[in-house]
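FYI, it's all coordinate maths here, none of it is from the lab. Since the structure is predicted, the reported quantities are computational estimates derived from the model, not experimental observations. In this analysis, Cβ positions are derived from the backbone assuming ideal geometry, glycine residues included, and neighbour counts consider all displayed protein chains.
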Amino acid sequence: MTFRLALLAAPLALLAACGPAEKTPAQSSAAPEAAKPANGPVAVRITPYVGGPLQVGDAGVGPITAATAFDQPTIAALFPKAQVKSAFIHTGEGPPGPIIVVEQDQVPLLEIGKGPEGGISEIRLAAGDVRGPKGESLLAKWEALGFTVDQCRAGEGRTINQVVCVRPEAPSVSYVFGVPGWTKGGVPDEKTLKAKAQLNEFVWRPAETAQVGAA
């Protein structure tokens, strides 16, 4: 009897010495859902502009969005190969307003205006390899871009005697067309627009100011 008990006790002692069994990889990875960290805000990677076509869309201009600060160092970081300067511009109404000018390869790419709340109010693009929401380029003809007269209005202020058109799907982007010889005010008729109007400038405004801003 004593010999049989000794045989049973030996395996039990070995098991106790080994300690609790280790979890298999499958068991370890099966963590309960509650233990997983909650999903935080997704970071959006912004790629600085270094060259090539500069895209203008409803969401912004190249790396600039509605969240971008009106700040020279911030703009310089987004355009690392450009000359970024602070300046003032007088539009004929009120005191001169602050602007940031971006120039690259001796081409003035952007004129960035400051809004009354301190953010970016508008961005003007009148030179360089600029592409609109549908890939449009500066100097394109009005007829080639598929606008209708009812999508356009007469320019005012800095765009007097020009025509400003906006696509319904991209309300933040204004297309400024020059119409050589047009000084009557208002919007020219369709025949005149088809014959003479060409795209001279894009103007981008954040969504909250696009509907009330004048190009």
Residue by residue, what Karplus-based ³J(HN,Hα) values in Hz, rounded to whole numbers, does the range 78-83 have, using 6.51, -1.76 and 1.60 with θ = phi - 60° and x for Gly and Pro? 7, 10, x, 9, 9, 8
Quick note on Arg205, Arg45, ordering by fewest other C-beta atoms within 10 Å, gives Arg45, Arg205
What the Cα atoms of the range 54-208 span along the principal axes, largest first and in whole Å, is 46, 35, 31
Rounded to whole Hz, the Karplus (6.51, -1.76, 1.60) HN-Hα couplings of the range 149-165, x for glycine and proline: 4, 6, 8, 10, 9, 6, x, 8, x, 5, 10, 4, 6, 10, 10, 10, 10
Using the 10 angstrom Cβ neighbour count as an exposure proxy, how do Glu111, Glu190, Glu169 rank, fewest first? Glu169, Glu190, Glu111
Counting only residues 5 or more places away or on other chains, whose amide H sits under 5 Å from the amide H of Ala197 once H atoms are built in the peptide plane? Trp142
Taking amide H atoms as placed 1.01 Å from N in the peptide plane, list the residues 5 or more away in sequence, or in a different chain, whose amide H sits under 5 Å from that of Val130. Leu54, Leu138
What are the ³J(HN,Hα) couplings of the range 111-122, residue after residue, when phi is run through the Karplus curve with 6.51, -1.76, 1.60 and θ = phi - 60°? Round to Hz, x for glycine and proline. 10, 9, x, 9, x, x, 8, x, x, 6, 9, 6
Net charge within 15 Å of Leu139 by Cβ-Cβ distance, Lys/Arg positive one each and Asp/Glu negative one each, not counting Leu139 itself? -1
